[in-house]
Amino acid sequence: ACFMPFCTPCATSGTTPTSGRLATTLQPHARGAGVAMTQAEREETLILLAGRQVPAANIKVAIYGGGNFGTAMACVLGRKGVQAALVVRKAAVCEQINEHHINPYYQSDLLLPKTVTATLDPQTAFADADFIFHAIPVQYSRESLLKVAHLIPPDVPVISLSKGIETSSLMMMSELLPEVLGHDRPFAYISGPSFAAEIVQGMATAVTVASTDRDLALDLMALFTSNNFRALYTPDVVGVEVGGAVKNVIAIAAGMCEGLGLGTNAMAALVTRGCAEMRRLVVSLGGESATVFGLSGVGDTFGTCFGPLSRNRMVGYRLGQGEALEDIVSSMSEVAEGVATSGALARLVRQQVKGYRRDLKYPILLGVAKILEGELTPAEGLKNLMEMPLKLEDHW
Ligand SMILES: NC(=O)C1=CN([C@@H]2O[C@H](COP(=O)(O)OP(=O)(O)OC[C@H]3O[C@@H](n4cnc5c(N)ncnc54)[C@H](O)[C@@H]3O)[C@@H](O)[C@H]2O)C=CC1
Ligand SMILES: O=C(CO)COP(=O)(O)O
């Protein structure tokens, strides 16, 4: 009934582990469909979860993208004994990881577990994998996946670790992955406050696993959970994906607030109102408003806006300090997803959200897009927020 090879409950019940998903799979969720679990489903899920056991050494995963986050997630699994193959692009990176257990570009002072290896050969890595993780920035995901789609065996679950909206299609990963890899495959989406730098140091971290396939989500929870890493499940893919995309844009706004020296009151107000916009968008696109109060919503927003580690927040800070966006982006070796996602979100709101005066309902998201497009300065953007028509503090 699950994806784990040698899963104890499946083995004892005589089920062939690779026989695929059974009746517990939830209905596929499209934008606009409700996703809240019934009480009976919740109880059944908890019972199923209690029976999950993971013989980590028997599990192989492939991680497509050996950047900051791919490396960190390989560490989490590798430390549990899972054999994690990072699919990388550079021979030098491959050699350093396999011979010296170091990724020279990301977390280079970290010694990777010996269970983490690297390869330039996606075909072998994907053919061997029980799970395939995707850790490539959203704007490069389609091009990267199209190169390897034919090498990904049918039925192997693909799990996205990326957060954002593709500018060319306005798709989130939950739309992009099925479009490129086929709709019949099981997919899941991991999101939440999970900075790579803290994960690799073994600092406590909790994330959300979103999937319409409950068996897959439960397997992933069991696969990841350790003393310092927890994964919690929700079927609300839309809520989780919108949260991950929007929080990076709110983080740019929060960084600007700090860069302008506006103080704690302004920052707290901005982040709170940003989360209200996140909630509006989640509900408009068919997700659950409660998801916004979870790890992938306010959890990731708080970590990204108030902590020191976010690249998106740093982009906003430097903008607030008066630097030009082009100079900031060209000086960075890593991707701040919120920069591209901001414009995509603004177009998504204009195209897909119905209703009167959308500009009054999404002033922060639309305002950040205007600042990044050079139509407003950060100071003008804030002034606009303070001069908005008076309204109720509702969340709609
Ligand atoms: N770094 C972090 O702490 C976290 C990152 N994420 C998400 O994970 C995703 C990946 O982020 P990171 O690993 O931090 O990014 P990164 O910039 O550190 O690494 C990106 C990886 O993608 C690969 N790649 C393949 N094709 C590429 C192309 N055409 N251009 C650029 N890179 C290409 C790179 O070689 C590299 O291995 C993003 O969506 C990010 O939002 C999510 C949670 C935490
Ligand atoms: O998503 C992240 C932490 O959860 C990483 O955020 P940044 O991309 O802003 O560094």
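Computed about its Cα centre, the charge dipole of the chain is approximately 400 debye, with only Lys, Arg, Asp and Glu carrying charge at their Cβ. Listing Thr264, Thr272, Thr304 from fewest to most neighbouring C-beta atoms within 10 Å gives Thr264, Thr272, Thr304.
In order along the stretch 376-392, the Karplus-derived 3J(HN,Hα) couplings, from 6.51 cos²θ - 1.76 cosθ + 1.60 at θ = phi - 60°, round to 9, 8, x, 5, 5, x, 5, 4, 4, 4, 6, 9, 5, x, 5, 8, 6 Hz, and Gly and Pro are given as x. Between helix 337-352 and the chain there is an angle of about 80 degrees, using the helix long axis and the longest principal axis of the Cα atoms. Over the stretch 221-277, the fraction of Cα-Cα pairs per 10 Å bin, rounded to whole percents and listed from the shortest bin up, is 20, 33, 27, 19, 1. The packing ranking, built from the mean of other Cβ atoms within 10 Å per residue, places the peptides 212-222, 253-263 in the order 212-222, 253-263, highest first. Candidate cross-link partners of Lys80 among the lysines, defined by an alpha-carbon separation under 21 Å and a same-chain spacing of 8 or more, comprise Lys60, Lys114. Against the main long axis of the alpha-carbon atoms of the chain, helix 363-372 sits at an angle near 90°. Once you compute Rg and the Kirkwood Rh from C-alpha atoms, what is the Rg to Rh ratio for the chain? Over the Cα atoms of the chain, Rg/Rh equals 0.97. Across the stretch 278-285, rounded Karplus estimates of 3J(HN,Hα) from the backbone phi angles (6.51 cos²θ - 1.76 cosθ + 1.60, θ = phi - 60°) give 4, 5, 4, 5, 4, 5, 4, 8 Hz, Gly and Pro being marked x.
Ordering Ser296, Ser330, Ser160, Ser226 by the number of other Cβ atoms within 10 Å of each residue's own Cβ, fewest first, gives Ser330, Ser226, Ser160, Ser296.
Neighbours of Ala56, meaning other residues whose beta-carbon lies under 15 angstrom from its beta-carbon, give a summed charge of +3 when Lys and Arg score +1 and Asp and Glu score -1. Run the quick spin-label model on Glu334 and Thr377: label points 7 Å from Cα toward the beta carbon, then report their separation in nm to one decimal. In this crude spin-label approximation the distance works out to 3.1 nm. Rounded to the nearest 500, the helix-only mean residue ellipticity at 222 nm of the chain stands at -13500 deg cm²/dmol, with each DSSP H run of n ≥ 4 adding -39,500 (n - 2.57).
By the count of other C-beta atoms within 10 Å, a proxy for reagent exposure, Val93, Val282 are ordered fewest to most as Val93, Val282.
Taking amide H as placed 1.01 Å from N in the peptide plane, Phe229 has its amide H under 5 Å from the amide H of Thr205, each at least 5 places away in sequence or on another chain. Across the alpha-carbon atoms of the stretch 74-121, the computed radius of gyration and Dmax are 9.6, 26 angstrom. Calculate how steeply helix 311-320 sits against the longest principal axis of the alpha-carbon atoms of the chain, using the helix alpha-carbon long axis, and give the answer as 0 to 90 degrees to the nearest 10. Relative to the chain, helix 311-320 is tipped by roughly 10 degrees.
Taking amide H atoms as placed 1.01 Å from N in the peptide plane, the amide H of Ala85 lies under 5 Å from those of Val61, Ala62, Ile63, Thr117, each 5 or more residues away in sequence or on another chain.
Readers should treat all values here as calculations from the given coordinates under stated rules, not as data from a laboratory. Quantities reported herein were computed from a predicted structural model and do not represent experimental measurements. Cβ atoms come from the backbone with ideal geometry, glycine included; neighbour counts cover every protein chain shown.
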